[in-house]
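The values are calculated or read from the model by the stated rules, or taken from the named source; none is laboratory data. What you see is a predicted model; the values in this text were computed from it and never measured. Cβ coordinates were reconstructed from backbone atoms using ideal geometry, including for glycine residues, and neighbour counts include every protein chain displayed. Please note that ligands, DNA and RNA were not included when accessible areas were found on the heavy atoms of the full protein model with its side chains. Shrake-Rupley method; radii C 1.70, N 1.55, O 1.52, S 1.80 Å.
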Amino acid sequence: MNPLISVDQLSVYSKASCLVSPLTFNLHQDRPLTILGQTGSGKSLLAQAIMGLLPDSLRIKGKVSIFAKTLTKQECRAMWGKELVMLPQEPWHALDPLMTSLRQVRDVYQWVVGQTEHTANSSAMKALTSLGLDKSADKLPGELSGGMAQRLAIVAATAGGASLILADEPTKGLDVSRREEVIRLLQDKSQGGGLLTITHDVHVAKQLGGDIMVIKDGQLVESGTVEQVLSNPQAEYTKLLLQAQPSEWPIVDRDPGYFAKSDRIMQTEALRLVRGGKTIIEDLSFTIAKGEVVGVVGDSGCGKSSLGDALLGLLPLEAGSIERFDKKAKPHQWLKLYQDPPSAFTGSVSLATLLDDLVSLHGVDQARIRPLMTRLSLSQEILERTCLEVSGGELQRFAILRALLLDPVFLFADEPTSRLDPITAKEVTMLLVELAREQDCSVLLVSHDPDMIRHTCDQVIDLS
Amino acid sequence: MMVSLLKHATFGQKCGGLLLLVLLAFALFGNGLAPNDGAYQDLDAILAPPSETHWLGTDHFGRSMVARMADAIRLSFMLGVLCVVTSSIIGVSLGVWAAWSGKKVDAVLNVFVNILLALPGLVIVLLFAAIVPGSFFVLYLAISLVQWVEYFRVVRAVTKTTVDSPAMQSSQMMGFGRWYLFKRHIWPAIAPSVFTLATFGCATAILTMASLGFVYVGMQPPLAELGLMMVELFPYYSDAPWLLAEPLIAIALLVLGFHLLGRKSS
């Protein structure tokens, strides 16, 4: 049987530099292929090259044939939607924010498939109903939850009848509980066709099965069947990726009796929080001991971040009370780590200036900076740059450095690693927990990944 | 500071800056090129074409055009810069105050600004000019009063997003004071827009003064002012077309220079 997509020695160049080194692979019918690798490893370029979507500034070498034919860009374009379709990253961004769900799907039936308006309408309704989206037919994408928007995007993309699907990070930004649903939907839609998935998530690869290719910096590291590669990885990099999955992390545990003896730092009583007129948290009481790492889990929108903000006094309480026991701690010792590191820094000055500002404001001992930077594996050079010129992982570690220099008693880490790659995420989280324990600083760690929380926290608050 | 500014400037901005520098140099030292000052009448040379003694010719009273043009451009520059400094200081401080000090201040300032916006700017300036005709100070006051509103609106909008940003919240939690937050967070965010507004505002102020001069309610003769010179020299457009062309070109170059300087690379 001919492969659906056959890629022969495909490489992508930007001017002189090579972004993706020559790759060769085949995608067969009903045998999913997963490309696994970190962000910036050239995975997305590969999908764009196959679709004929690469920007003109990039050149490709090698051969791509779809259905055993080498196609020009125009021929490729003619197949979009009908036979070949690509789901872009975070597909809800690809939905028209001003069109109702029904119309997004109906337009595909009407203009791509060529049905009359009436038939298109009923086809669209049928497609939505089959996914339980019929009640949301008149809603705009902004009114849908992340998972629903994701399903809608997949329905709209595949409505044209394409069975050859290229999915670029289909689960990025989705809650763990929504992941499986999306994967099942993708499998379902690609039946009788092909599915090429690009992801950094080992779980996705495991569930899809079929073949896998591990890519690092545009180079093929390892390939084979999923079972073979994931259960018996040969390359060092694959092993690292597997170990970086939260479920594989070492459990950082402390003697459960430890906190019974130590002081309490904060206690909440019958907490109630309201956001946008909706009660998101009701009757929540808990105690945080000094040096304790408290994990908060729950799906997005359940009020995890609001809880942290309320504890820091950034959000008013609707009912209940929060009592702080550490009377000696100054206001600047209750701190927060942000989800998106670049947005939490000003890009106007270098990191060194930011650090100097802090040192002069609070009279921090200069001698503490260097050892702590070494612990956080931050090099001195990054201080010369601004926050926009360093990587997300480095910046988050710098944020931890800045926070720890103030000897915090309580640190609210709001999904501090959700924008980072798995390997970096593991490093950063582990360091944060380790250093907080050393300084006897309590941490409220918010995450949508229950595995991560289970492996790092002393107490878990489940909001779902 | 200067070096880094030059490095980041686009080609257009460099051209604009150079053009303005040349005009400024002419405004400051142009009098030296004339045999007499701008008020001296050489009645033997009325409407004289450009020559070695009178580089730009003489007007209908035999006054040296080089000296008068230098005077007029200097006056335009002075007004432009004064208006920009005044209106930007008022606009930026009120804008930051409105965005930062809670809903009440914001609401009051907004009502005030909306009232100002409802009145056409030129009408306010005309009104002021009609009350005290020929006063440079009143003209400057009126134009500044109209122009600060632009700074206010832009600065308020940008500051609002900055105040809500995690970056500023984070600095605030670390105990940094208001001045620090302004210096590190708000000013870097608003500075590019303020600079663009300032250059465009300068051009608008100069044009406004010239328009008022042209309809004879701005500066009064015998003062040299670009708009006034246009209307004074208008009757001689067929006898001495170069005379009318001079203030026209000067004002076009001034506006062009400021607009080039303010244009950011897209």
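Annotations for the structure displayed:
- Cleavage-rule hits (chymotrypsin sites (Phe, Trp or Tyr not before Pro)) in the range A:56-156: DSSP loop, at most 15 neighbouring Cβ within 10 angstrom: A:PHE67
- Taking the Cα atoms of chain A, the ratio Rg/Rh between the radius of gyration and the Kirkwood radius comes to 1.01.
- If you bin all the Cα-Cα distances of the range A:221-354 at 10 Å, starting from zero, the percentages per bin are 9, 25, 26, 23, 13, 3.
- Within the same chain, lysines fewer than 8 places from A:LYS278 are excluded, and of the rest, those with a Cα less than 18 Å from its Cα are A:LYS304.
- Annotation: the range A:1-145 has a Kirkwood hydrodynamic radius of 17.6 angstrom, from the mean reciprocal C-alpha pair distance.
- Cleavage-rule hits (GluC sites (Glu not before Pro)) in the range A:394-464: DSSP loop, at most 15 neighbouring Cβ within 10 angstrom: none
- Chain A, helix-only ellipticity at 222 nm - DSSP H runs n ≥ 4, -39,500 (n - 2.57), divided by all residues, nearest 500: -9500 deg cm²/dmol
- Dipole check for the protein assembly as shown: with +1 at the C-beta of Lys and Arg, -1 at the C-beta of Asp and Glu, and the Cα centre as origin, the magnitude is about 180 Debye.
- For the range B:2-262, the solvent-accessible area with a 1.4 angstrom probe is 48 square angstrom per residue.
- The mean number of Cβ atoms from other chains found within 10 Å of a Cβ in peptide A:346-358 is 3, as a whole number.
- Given in Å, the Rg to one decimal and the Dmax to the nearest whole number for the Cα atoms of the range B:2-262 are 22.0, 77.
- Flagged links, alpha-carbon separation over 29 Å, of A:LYS15/A:LYS82; A:LYS327/A:LYS426; A:LYS15/A:LYS43: A:LYS15/A:LYS82; A:LYS327/A:LYS426
- Net length available on complete extension from B:HIS8 to B:TYR216 is 70.7 nm, with 0.36 nm assigned per residue and the Cα-Cα distance removed.
- The P(r) of the range A:62-151 has a tail past 23 Å containing 34 percent of all C-alpha pairs.
- Charge context of B:ILE190, other residues only, Cβ under 13 angstrom, K/R +1, D/E -1: +4
- Partners for B:LYS183 among lysines (Cα-Cα distance below 25 Å; same-chain residues under 8 apart left out): A:LYS330, A:LYS336, B:LYS7, B:LYS103, B:LYS104, B:LYS160, B:LYS264
- Summed residue charge, Cβ within 15 Å of A:ASP56's Cβ, Lys/Arg positive, Asp/Glu negative: +4
- Relative contact order of chain B, pairs being alpha-carbon contacts under 8 Å that are 6 or more residues apart, as %: 24
- Relative to the longest principal axis of the Cα atoms of chain A, helix A:422-439 runs at roughly 10 degrees.
- Overall form of the range A:1-44 per C-alpha gyration tensor (a/c, 1.5; a/b vs b/c): oblate
- Cut-off of 10 Å, at most 11 other beta carbons, DSSP loop: longest stretch of chain A lacking such trypsin sites (Lys or Arg not before Pro): A:16-326
- Among complete DSSP H helices in chain B, those whose alpha-carbon atoms stretch at least 18 Å along the helix's long axis and whose mean Kyte-Doolittle hydropathy reaches 0.5 are B:11-29, B:65-100, B:102-118, B:136-163, B:187-214, B:241-262.
- Extreme residue, positive dipole direction of the range A:207-358, given options A:LEU242, A:GLN267, A:LEU230 (C-beta unit charges): A:GLN267
- Atom-type composition of the exposed protein surface of the range B:2-262 places 74 percent of the accessible area on carbon and sulfur (1.4 angstrom probe).
- Relative contact order of chain A, defined on C-alpha pairs under 8 angstrom at six or more residues apart (%): 16
- Scattering curve values for the range A:236-307, log₁₀ I(q)/I(0), Debye with Cα scatterers, q = 0.16, 0.23, 0.24, 0.27 Å⁻¹: -0.82, -1.05, -1.09, -1.19
- For chain A, the longest principal axis of the Cα atoms and the long axis of helix A:176-189 meet at an angle of about 0 degrees.
- Taking the Cα centre of the range B:2-262 as origin and assigning +1 to Lys and Arg Cβ atoms and -1 to Asp and Glu Cβ atoms, the resulting dipole is close to 1640 debye.
- Per residue convex hull volume, Cα atoms of the range B:118-184, in Å³: 101
- Here the range A:61-131 is assigned +1 on the Cβ of each Lys and Arg and -1 on the Cβ of each Asp and Glu. Its dipole about the Cα centre then comes out at about 360 debye.
- Rel. contact order, % - alpha carbon contacts under 8 angstrom, at least six apart, the range B:8-66: 27
- Among the chymotrypsin sites (Phe, Trp or Tyr not before Pro) within the range B:22-88, those in coil by DSSP and having at most 14 neighbouring Cβ atoms inside 10 Å are B:TYR40.
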